[in-house]
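Any read-out appearing in this document is the output of simple, stated calculations on the displayed coordinates, not a laboratory observation. What you see is a predicted model; the values in this text were computed from it and never measured.
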Amino acid sequence: MLRPVLIVLALATLALAGCSGSTSTDHQVVEIRDSNFNPSTVNIAPGQSVEFHNAGSLSHTVTIHDPAAKQVKDTVLTPGQSTSYTFSGAGAYHVFCRFHEGSGMAMTVNAK
């Protein structure tokens, strides 16, 4: 009698373990490819990081004006390279590629 109860409890524990994953992470990943940021909008909490990965065949910049930190981050990424930035304050941040902004290569990071 005890064995079936233990089996049921073990199966229930496994089922619940699959449902307990957290949707909150300490960073998001943005893929750069074909003169686009994907996704084009990221929502994070202040203090979280966004990683930018150049998965395309062209060089791009990740240019961010951060008024809260009173700085501009401008990083050139060749194909295969990545960079990360922590958005310290709340607000909407304009992120763009200096090389391709004229063709609409931009995105928004909302830290709220």
- request: Return a whole-number percent for the relative contact order of the stretch 27-111, with Cα pairs under 8 Å and 6 or more residues apart as the contact set.
  value: 34 percent
- request: Have a look at the DSSP beta bridges in the stretch 27-111 and tell me what percent are antiparallel, nearest 5.
  value: 70 percent
message: Going by amide H atoms built from the backbone, whose H comes under 5 Å of the H on residue 58, apart from near neighbours?
response: 34
query: Applying the Karplus parametrisation 6.51 cos²θ - 1.76 cosθ + 1.60 with θ = phi - 60° to the phi angles of the stretch 38-47, what ³J(HN,Hα) value in whole Hz is obtained for each residue in order, glycine and proline being reported as x?
result: 10, x, 8, 9, 10, 10, 9, 8, x, x
